[in-house]
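A quick write-up on the structure given underneath.
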Amino acid sequence: GQKYTREQSGRLDTEYRPSAVVLSRREETADTITLKLLPGERYPDFVPGQHIDVAVEIAGVRHVRQYSLTGIPGAGALEITVKRQKGGLVSNHLLDHAESGTRLEISVPRGEFLLRDQPTAAYCFFSAGSGITPVYAMARAVLQSGTKADVWFFHAAKSKDAVIFRHSLERLAFEYKNFKPYFFLKEGDTNDTTHRSMRLNYAAAESMLPSDMNPHTTQIFVCGPGAFVQDLEGGFTAAGFSGIQSEYYTLPETAAGEGAARFLRSRATVKAGTNLLEAAEAAGIQAKHGCRRGICHECKAHKRSGTVKSILTGKETSGREDIQLCITQPVGVVEIDL
């Protein structure tokens with residue numbers, strides 16, 4: 001089982017294992033719910049954009065998943081929003097069984113996908129599907145701070161009814177004149193200018209955003225599937241924007257490599273065409289992991305030697321270093337302390 005730490009009186013309490021009780025559940029869409037959770041005493045507050053681990057036991061096996069915190073900091077209770085995934089073991093379990101009174105094991109808030117404390121003339125949030133959860137919390141926090149900056153919110157979904165938090169976002173647009181939400185839909189066509197039957201990508205965003213946006217005082221946040229995130233990251237980077245942060249909900253597709261991994265403690269060597277977590281599992285090694293998409297850092301391991309490439313950024317690094325197995329691909333032969 002995982003152990004989480006918290007700081008108490010300047011010392012780390014390594015045995016801290018928080019839990020929370022479900023207070024209520026609220027339907028967001030036909031396949032999405034928000035669970036309101038009451039954590040234990042002295043549970044640390046969170047920052048919008050952060051997530052928690054949620055652990056559930058299903059058929060005697062403990063499973064851990066990560067869910068963004070979608071409530072308001074300082075409210076006492078936490079909120080997580082869970083979308084039913086096809087074949088998703090934990091998401092289906094929570095939608096089918098999490099009721100008022102259910103106790104869940106959780107972690108302390110974690111994650112670095114956060115708002116930056118810097119002069120900002122405009123905020124741009126981009127999301128697709130369940131990638132809306134962290135950016136919704138961030139956009140709401142920005143608006144409630146009283147900012148005068150423009151807050152642009154672009155979200156892609158299958159249909160109007162599939163837009164998570166749609167009614168809340170529409171209320172925010174009515175309340176805050178500097179909030180500009182747009183929904184990009186695969187299905188349906190409406191006369192409402194905020195709903196567009198077109199694909200959300202950098203080209204679409206560029207055509208809608210002001211041409212005089214300052215690339216140095218604009219904060220950009222992107223969350224969604226791999227190809228979606230890479231397209232927007234690449235477009236804004238090429239346009240000279242520097243304040244870009246992103247979080248992947250699925251990894252981007254990568255070309256199969258010809259590297260190999262040598263796991264020193266297990267005395268196993270295997271080809272690693274995709275990522276090092278899958279290579280370890282192919283070698284029969286039960287490497288610790290969580291999200292499998294670079295968010296939770298549970299699969300961190302030490303590389304003794306060799307060169308690796310980040311699946312998310314394409315950056316190559318060499319020599320001794322700690323790496324995340326799930327988002328790292330070997331270039332040649334690498335040696336891992338597993």
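Just the number please: accessible area per residue for region 64-104, 1.4 Å probe, all protein chains included, in Å².
Roughly 46 Å² per residue, with all protein chains present.
If you take the C-alpha gyration tensor of region 63-122, multiply each eigenvalue by 5 and take the square root, what semi-axes do you get, largest first, in whole Å? Please list the in-between numbers first.
On the way: eigenvalues 153, 45, 24 Å².
Value: 28, 15, 11 Å, ordered largest first.
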Checklist outcome for this item: Taking protein heavy atoms only, a 1.4 Å probe, and rounding to whole percent, the accessible area of region 77-142 owed to carbon and sulfur comes out at 47 percent
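Average projected area of the Cα convex hull of region 134-277, in nm²?
Numbers: hull surface 48.3 nm².
Quarter of the Cα hull surface area: 12.1 nm².
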Checklist entry - FRET efficiency for ASP161 and LEU89, Cβ-Cβ distance as r, R0 = 25 Å, nearest 0.05? => result 0.50
Item to check | Cα lying deepest toward the dipole's positive end in region 30-110, options ALA75, PRO39, VAL108, charges on Cβ | outcome: VAL108
Checklist outcome for this item: Once amide hydrogens are built 1.01 Å from N within the peptide plane, the residues lying 5 or more places from MET213 or on another chain with amide H under 5 Å from its amide H are none
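In whole angstrom, how long is each semi-axis of the equivalent ellipsoid of region 216-279, when you take the square root of 5 times every eigenvalue of its Cα gyration tensor and sort them from largest down? Mind dumping the intermediate values first?
On the way: eigenvalues 227, 28, 23 Å².
Rounded to whole Å, the semi-axes are 34, 12, 11.
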Checklist entry - Could you give P(r) for region 22-130, binned at 5 Å from zero, as whole percent values over all Cα-Cα pairs? => result 2, 10, 21, 24, 19, 13, 6, 3, 1, 0, 0
Checklist entry - What is the Cα centroid distance between region 84-107 and region 24-55, reported in whole angstrom? => result 11 Å
Next on the checklist: Using only the heavy atoms of the protein chains and a 1.4 Å probe, how would MET138, MET198 rank by accessible area, largest first?
Outcome noted: MET198, MET138
Item to check | Radius ratio Rg over Rh of the chain, counting only Cα atoms, Kirkwood formula for Rh | outcome: 0.97
Checklist entry - GLN286 to ARG267: extension gain in nm, 0.36 nm per residue of separation minus the Cα-Cα distance? => result 5.5 nm
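How large is the accessible surface per residue of region 213-338, computed with a 1.4 Å probe and reported in Å² as a whole number? Each step should come with its number before you reach the end.
Details: 5900 Å² over 126 residues.
Solvent-accessible surface per residue comes out at 47 Å².
The values are calculated or read from the model by the stated rules, or taken from the named source; none is laboratory data. Remember, predicted model here, so these are calculated numbers, not experimental data. Because the Cβ atoms are built from the backbone with ideal geometry, glycine has one as well, and the counts that use them run over all protein chains shown. Side chains included, ligands, DNA and RNA excluded: accessible areas come from the protein's heavy atoms. Shrake-Rupley method; radii C 1.70, N 1.55, O 1.52, S 1.80 Å.
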